[in-house]
1. Tell me which residues come under 5 Å, amide H to amide H, from T72 once H is placed; ignore anything under 5 positions away on its chain.
2. Can you list the residues, at least 5 places off or on another chain, whose amide H is less than 5 Å from the amide H of W133, using H built in the peptide plane?
3. List the lysines whose Cα lies under 16 Å from the Cα of K120, skipping any in the same chain that are fewer than 8 positions away.
4. Quick one: Cα convex hull volume of the stretch 86-132, Å³ per residue?
5. Dividing the convex hull volume of the alpha carbon atoms of the stretch 39-156 by its residue count, what do you get in Å³ per residue?
Amino acid sequence: MHDVHAIRVPEPGPNPSLLPLFSYLVPAGFPSPASDHLEGLFDMNRLLFRHPDATYMLRVGGESMSGAEIHTGDLLAVDKHLEADHGHIVVAVVQGECTVKRLVRKGQSWWLMPANPAFKPYEITDTDELRIWGVVTHVVHELLPGRQQALLHSID
């Protein structure tokens, strides 16, 4: 099972952090800052938190979801408002242990599937104590290590 750590999502403030959004796709390189390509301003909170009152963030520990590009240290945006369905990556508690896995239906059976072949799938049975804590909507994966961890320690 994954080791996950909950992070409080603060209420959006009156002044969201707006970032410039450029209107064309970049196959490689850096977009030109020319103003004729500026599409508008983009609020990351609106992307990550569709239902802010029902969303929380988790830190991931473990590599069972590495095939889904979810790695130790990544942040997950988890929406409790969404109904979990086949194919969704979910945060689940199985018999008191928290885990992040893909929810998969095979015939009449439901499974919690890892995205790393080194880990075993877990069939959900009627006798399992299972709770779905939410659907993972986004993964924040830091490419330049250090900044994210420092910010997380400042809110702990």
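Since every read-out is calculated from the coordinates, none of them should be taken as a lab result. As the structure is a prediction and not an experimental result, all values here were calculated from the model.
1. Result for T72 returns G62.
2. V91, A92, V93
3. Partners found: K101, K106.
4. Details: hull volume 3.5 nm³, N = 47.
Residue-normalised Cα hull volume stands at 73 Å³.
5. Values: hull volume 17.5 nm³, N = 118.
Spread over its residues, the Cα hull of the stretch 39-156 gives 148 Å³ apiece.
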